[in-house]
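A.B. asks: Submitted below is the structure of interest, expressed as structure tokens.
FYI, it's all coordinate maths here, none of it is from the lab. Owing to the predicted nature of the structure, the values given are computational and were not obtained by experimental measurement. Positions of Cβ are generated from backbone atoms using ideal geometry, with glycine treated the same way; all protein chains shown enter the neighbour counts.
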Amino acid sequence: MLLRLLLLSTLIVLAGASHALAADAATAAAGPAAFDWSGPRAGIYVGYGSLDGRGALAGASVGYDWRFDDVVVGVDGGLLASDMDARRAGGRTEVEAAGEIRARIGYAFDRFMAYGTVGAAFAATDYVRAGRRDSALQAGWLVGVGVEVRLFDRVSATAEYVYVDLDRKTFNAGGDVGPDAAGGQVRVGLNYRF
């Protein structure tokens, strides 16, 4: 019985593969389709990184791209939630939420695009010590590099490294402390193009 089930499963997989190969052959005979990187997009991402402390992050972004031959220029904005916390001077810094507005320029070749990005970043940061809390909105800059791969006509996957450097704030929660809110983040995500 197990041998029959295995044989039947193998035949189904081979039949599906031959159908997919035939469809690919028909598409190749019709000529390659150019991927259009222009237009609006929305995406989600997860990652790991640091802003004074280390932790996981998850976020969403919206943006718009323009394609000029093989060059793609775009703008986007995003918000993220994180648990990037650190112990500092007998207390704890907490980056609960952050955001960014950035520009990117890339080079597209078929379904792949490599890009660089630069922009403004901000974060809502708390410092907690001995039951006292001080909060601040920190602003700064970011720079990064990434790749984007078209998985389907409207869906693409991204992987990027972003370095964020925020202004130094002095928190007063039972004594002054000035954490250094800067660090790198690795992110992976999915974009949907409209």
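A.B. asks: Mean separation of Cα pairs under 8 Å and 6+ residues apart, divided by the residue count of the range 26-170: what relative contact order is that in percent?
C.D. replies: Worked out over the range 26-170, it gives 16 percent.
A.B. asks: Could you sort 153-159, 51-57, 138-144 so that the peptide with the highest average Cβ count within 10 Å comes first and the rest follow in order?
C.D. replies: The packing order, highest mean first, is 51-57, 138-144, 153-159.
A.B. asks: Once you charge only the Cβ atoms, +1 for Lys and Arg and -1 for Asp and Glu, what is the size of the charge dipole of the range 85-194 about its Cα centre, to the nearest 20 debye?
C.D. replies: In debye, rounded to 20, the range 85-194 gives about 120.
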